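Contents: one structure, followed by commentary.
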Amino acid sequence: MPFLAYVAIFLVIPIVTVAVGAFQGAGGGFTMAQIRTLGDATVLRSLWRSLELSLASTVLGAVLGSLLAFLIVDLAPTHPLRRGVSAICGVLAQFGGVTLAFAWMATLGFNGLLTNLLADAFGFSDAGYSWLYGTPGLILVYTYFQIPLMVIVFLPALEGLRPQWREAALNLGATRWQYWTRVGFPLLRPAFLGSALLLFANAFAAYATAAALVSQGSTILPLLIRSALTSEVVLGQQNLAYALALEMVVVVAVVMGLYAWLLRRTSRWLP
Amino acid sequence: MPSRLLRGLALVAFAGFFLLPLLALLNFSTRDLITGARTATAWKGLVEDPTMSEAIRTSLLLAVLSVGGMVLLLVPTMVWVRLRVPRASRLVEFLCLLPLAVPPLVIVVGIKDVYAWVYYFIGDSPLTLAFAYVILVLPYSYRAIDAAMSGIDVRTLAEAARSLGAGWTTVIARVIVPNIWSGILGAAFVAIALVLGEYTFASLLHYNTVPVAIVLLGKSNAPTSMAAALASIVVTFALLLVLSLLDRRRHLRRST
């Protein structure tokens, strides 16, 4: 079957190459040297920063994204506002990070729109904000694509919350507060956590935004992989890239495994 | 339901957050950096700058090739699995969704050897990126097409067409595809959005596509790179609108 052959060549072989390469020396023999390198202070620090960045952007994205989904969920599906929000979210969540990184550079960088406005209004420096190119900037730009993703994945669960349940609860004398704390939130919790895990994996695996924003240095794991891939100077760096990539796969696989488990729990009551 | 005023204020805040960077792109790309006057130089650069115009051509061709490759690879396979080997459906689903769990960056790290062979057999063209892009869009395309196929009775349609003497190509191209058109459109849209914005593969395999050119020009000709960034997002958005309008027209026609 051509499909199996194609997927084997362009997907399975690369994955196997990474998994095997992580345990191979430059000469080809088996070695644990690369895996041990993962314990180095630099690697650990970038892994930690990556986790921090993913967590921060996930919390912000999940909370704000579910809020936005909540704001549009009782509009009719054909309502222009709802269609507009869904369309914009679709584009921003799928679209590559380079554009978004540049959009924020045009906002807060040198000569940026907000930079100049703030400089004119409050006399702030017009040199641009250097935190944009560090972890806070990454969190901001990641949040910009995490919120739309949250809206897309969380909206179906919010729609599945049937109005009859609220009516039933209110009929039985519950207050709105009681309805949400006893019925609404507990029902939505698995979907919310599942969506948050998806956001976490999305942030952890993202590369383009960071690569476009941070041109030098390797503060987070994806950028460390970039420098291992592109540096031709040090021998054996290619295999280090394999080990780093393997580490990334393991983290993402654990997160996605949890996600699949939560999804099965949610699907019990979703229509 | 939150009160109208509160909801309105919150929506305005969200709109501000999402629109501000896009307005900033527009502002940056239409202004002379030194005098501050409005100018269209940066937008002219999209066609005049050789790196950028070549990148735009490459990216658009890649989008077409990836969508074509995805449809050719996925639709016959999924029809075949549904009719002949339902046992394989779990395997196909797993393989299609696998790219969600394996970050593109990891695939790039492992794909260098494969691309050495692609280079050997086909040559060194940026269009060879389409091979990898078909893999990247598989999860989204699979879901869209699978949902559309679940809505029709593939077996009956195929058997009816076969018994009237149609070959397999005719069955797929003229019976199945028109019935799952909305799924294919949805899959095509996500594929186009993904390919036009894709940076990881293109930059690490050293091919010049629009996002790569944007980063490259970001240092030397910032306004033009900002113009390209805004243009690419606007084009993607316009494509989405056109596709959803096409889809709605089909629905209207069918219901009358």
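So, in region B:151-209, of the ones that are of a type in the set (F, W, Y) and under 19 Å from the mean Cα position of the chain (by Cα), which residue ends up farthest from B:I233 (Cα to Cα)? Here the answer is B:W181. Of the residues making up region B:92-113, those that are more than 7 Å from every other protein chain (Cβ to nearest Cβ) and either farther than 15 Å from B:L138 by Cβ or in contact with a Cys (Cβ under 7 Å, 6 or more places away or on another chain) (or both) are B:V108, B:K112.
Out of all the residues in region A:16-39, which are surrounded by fewer than 19 Cβ atoms within 10 Å (Cβ to Cβ) and under 25 Å from the mean Cα position of the chain (by Cα)? Matches in region A:16-39: A:V16, A:A19, A:L38, A:G39.
Within region A:195-230, the set of residues being assigned to a loop (DSSP other than H, G, I, E, B) and over 22 Å from B:L100 (Cα atoms) comprises A:V214, A:S215, A:Q216, A:G217, A:S218, A:T219.
Of all residues in region A:73-113, those that are assigned to a helix (DSSP H, G or I), more than 7 Å from every other protein chain (Cβ to nearest Cβ) and more than 20 Å from B:T200 (Cα to Cα) total 9. Screening B:L138 against (1) farther than 21 Å from B:L91 by Cβ; (2) at pLDDT 90 or above leaves a single unmet condition, (1). Inside region B:226-241, can you point out the residues that are over 16 Å from the mean Cα position of the chain (by Cα) and more than 9 Å from chain A (Cβ to nearest Cβ)? B:A227 - this is the single residue of region B:226-241 that is over 16 Å from the mean Cα position of the chain (by Cα) and more than 9 Å from chain A (Cβ to nearest Cβ).
The set of residues in region A:114-143 that are touching a residue at least 24 places away in the same chain (Cβ under 8 Å) and assigned to a loop (DSSP other than H, G, I, E, B) contains only A:G134.
When region B:17-73 is limited to residues that are in a loop (DSSP other than H, G, I, E, B) and surrounded by fewer than 18 Cβ atoms within 10 Å (Cβ to Cβ), the one that is farthest from the other protein chains (Cβ to nearest Cβ) turns out to be B:A40. Selection within region A:151-181: residues that are under 29 Å from the mean Cα position of the chain (by Cα) and small (G, A, S). The member of this set that is surrounded by the fewest Cβ atoms within 10 Å (Cβ to Cβ) is A:G160.
Within region A:13-40, the set of residues being in a helix (DSSP H, G or I) and more than 8 Å from chain B (Cβ to nearest Cβ) comprises A:A19, A:V20, A:A33, A:Q34, A:I35, A:R36, A:T37. Does any residue of region A:231-240 turn out to be in contact (Cβ under 8 Å) with a residue 60 or more places away in the chain, among the aliphatic types (A, V, I, L, M) and either surrounded by 15 or more Cβ atoms within 10 Å (Cβ to Cβ) or in contact with a helix residue (DSSP H, G or I) (Cβ under 6 Å, 6 or more places away or on another chain) (or both)? Scanning region A:231-240 turns up at least one residue that is in contact (Cβ under 8 Å) with a residue 60 or more places away in the chain, among the aliphatic types (A, V, I, L, M) and either surrounded by 15 or more Cβ atoms within 10 Å (Cβ to Cβ) or in contact with a helix residue (DSSP H, G or I) (Cβ under 6 Å, 6 or more places away or on another chain) (or both).
The values are calculated or read from the model by the stated rules, or taken from the named source; none is laboratory data. Keep in mind that what you see is a predicted model, and the values were worked out from it rather than measured. Using ideal geometry, Cβ is built from the backbone for each residue, glycine included, and neighbour counts are taken over all protein chains shown.
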